[in-house]
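Some notes on the structure that comes next.
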Amino acid sequence: MKRSSVIRGVVIRRVAWGVAAVALLAGCGPQAVGSGGTGGGGTTAPPAAVTSAPPAGSATPSSDDKPPSPAPSATDGTPAPKALMGDGDENEQVRELQARLRQAGWFDRAPTGFYGTMTAGAVTSFQKKRGLPQTGSVDELTWQKLVAMTHKPTADELKPSTTNKLDTPDPRCMTGRVLCISKESRTLAWMIDGKVVSSMDVRFGSENTPTREGLFKVEWKARKWTSTIYHTPMPYAMFFSRGQAVHYSADFAARGYAGASHGCVNVRDKTKLSELFDQVRPGDKVVVHW
């Protein structure tokens, strides 16, 4: 009897070692309790069915035991970042954006406060350089990165007295004698046969009194004129679309882009405009474009 008991003990121990070895090879962690409990010959749920938490009193798995979260993708339904500024906006924040882009070397003209194709292109290039989504609009992350690498613009950086850089001429400006006026760069270029003779900063009408766009011609001129509607001086006026004209504005010279016209094209450099006035003739083309 004693020998049999010894043999049975050896067999039981070998079976236990075998079970332990299988468990080690499978890399088992905590398992859910089967229908028969922790002992008594009950079956254990297969690994695929392990969905419950570990029994009370057992060790809690570490963070390394948890499956990694799936990486976000472009198709996971995550909404695009909210744009703070974008095409068509016109305000002082856009002016600050342009001034900061200019500090960083991405915007090569004076700030205008208008978000057009040039500003969008500068933002896209900035985003590409820094591995951001190339939307052309300014979201919170784009703005934070730009602010971090620039300083708060000074008054002179926001509204410099220097002449704005000329826009690429509209194709209609490339022949003949033309006052080529860009709303995008806020400039007027006096061009003859595709060559720029002179240029100057200009200001346009407000949203309620917009400056008309299109192809016109100089209808008539007046060296001294006072508006019959608003009763304000309009020196060196060159009318091109009913009551709208290119003329000198003392208000533009004093306040810059803080103000607007009632639809006319304001010029703030009186000397340049007086010289231009002497050269322009009735019948010369006027092109107002973005």
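Values as computed for the structure displayed
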| read-out | value |
| --- | --- |
| Antiparallel DSSP beta bridges within the stretch 171-289, percent to nearest 5 | 75 percent |
| Placed amide H near Asp139: partners under 5 Å, 5+ positions off or other chain | Leu84 |
| Amide hydrogen neighbours beyond the local backbone of Val286, cut-off 5 Å, H modeled | Leu179, Phe216, Lys217, Val218 |
| Anisotropy class of the stretch 84-158 from Cα gyration tensor, a/c 1.5 cut | oblate |
| Summed residue charge, Cβ within 9 Å of Ala237's Cβ, Lys/Arg positive, Asp/Glu negative | +3 |
| Radius 12 Å from Cβ of Cys173, net charge of other residues (Lys, Arg +1; Asp, Glu -1) | 0 |
| Cα gyration tensor shape for the stretch 195-290, rounded if a/c is under 1.5, else prolate or oblate | rounded |
| Proxy reagent accessibility, fewest Cβ within 10 Å first, across Met191, Met200, Met174 | Met174, Met200, Met191 |
| Least to most buried among Arg212, Arg242 (fewest other Cβ within 10 Å first) | Arg242, Arg212 |
| Whichever lysines have a C-alpha closer than 21 Å to that of Lys183, once near sequence neighbours (fewer than 8 apart) are set aside | Lys159, Lys165, Lys195, Lys217, Lys270, Lys272, Lys285 |
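No value in this document is a laboratory result; all are computed from the given coordinates. Fair warning: this is a prediction, and the values are worked out from it, not measured in the lab. Positions of Cβ are backbone-derived with ideal geometry, glycine not excepted, and every protein chain shown enters the neighbour counts.
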